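Everything below concerns the one structure shown next.
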Amino acid sequence: MTGKTECARESRESRPALGEDVEGMDKIKILVVDDESRMRKLVKDFLTKKGYEVLEAGDGEEALDLFFKDKEIALIILDVMMPKMDGWQVCREVRQYSKVPIIMLTAKSDERDELLGFDLGVDEYISKPFSPKILVARVEAILRRTGQADAESILEAGGIRIDKAAHQATLDGTPMELSYKEFELLTYFLENQGIALSREKILNNVWNYDYFGDARTIDTHVKKLRSKMGDKGEYIKTIWGMGYKFEVDK
């Protein structure tokens, strides 16, 4: 660990403070550490869909190498049981030089493990199996708390305003009563204004792992969403034989 310690000592002064803007950094970087490639892929897929850049490590030593090499990592998702170096030791090493937020993943649900994690400076402790959406929600909450959340959490177009952080939508200042999927669908439309979106692409980005049916569910949700948008429902235009496009009339 001598080389890593020296590298960490050299990088400590140059590491950006939590919440500090880094010129040229387009996406928030998250390091996912787990010896199971399937688990890494699952977490990475969900985080990537939310606009994060994900780095992967299959063991503790690789995790430290990546962490001390890349000064822009904003959060670590860290498994406990790993070869070469477990999550506890990784956490100890990181905490000597950084207060970067850490979410600890473990197959155990022992209270003593949880207390140990918090003693080491773990920010969140999640037991496997877990919902990837809950994990993403925890990630976003921690990044907001530490001042690193995406500044583009507010979307506005044609009198529609979406606050992604608060999970709220308003229409000309009036709150909209939307289901979870209706909110996600409207958000996706606003994020892709003027772009023709196929039903399959909408399914992959809004429903992803939760849905195993066919693309016709999109039509049902669009119909409901249009009715709740009143005359602004015409912003969601049908692209016959393909899908939909959200476009505010000039």
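Annotations
- Remark: for residue pairs 69/201; 27/228; 29/232; 29/128; 44/232, the C-alpha separation exceeds 31 Å in 69/201; 27/228; 29/232; 44/232.
- Calculated FRET efficiency for the pair residue 168/residue 126, C-beta based, R₀ 25 Å, to 0.05: 0.45
- If you plug the beta carbon distance of residue 227 and residue 42 into 1/(1 + (r/R0)^6) with R0 = 41 Å, you get a FRET efficiency near 0.70.
- Distances between placed amide hydrogens fall under 5 Å for residue 246 paired with 194, 195, 237, all partners being 5 or more residues away or on another chain.
Each reported figure results from applying straightforward, stated rules to the coordinates on display, with no laboratory input. What you see is a predicted model; the values in this text were computed from it and never measured. Quick reminder, even Gly has a Cβ in these numbers, built from the backbone with ideal geometry, and neighbours come from all protein chains shown.
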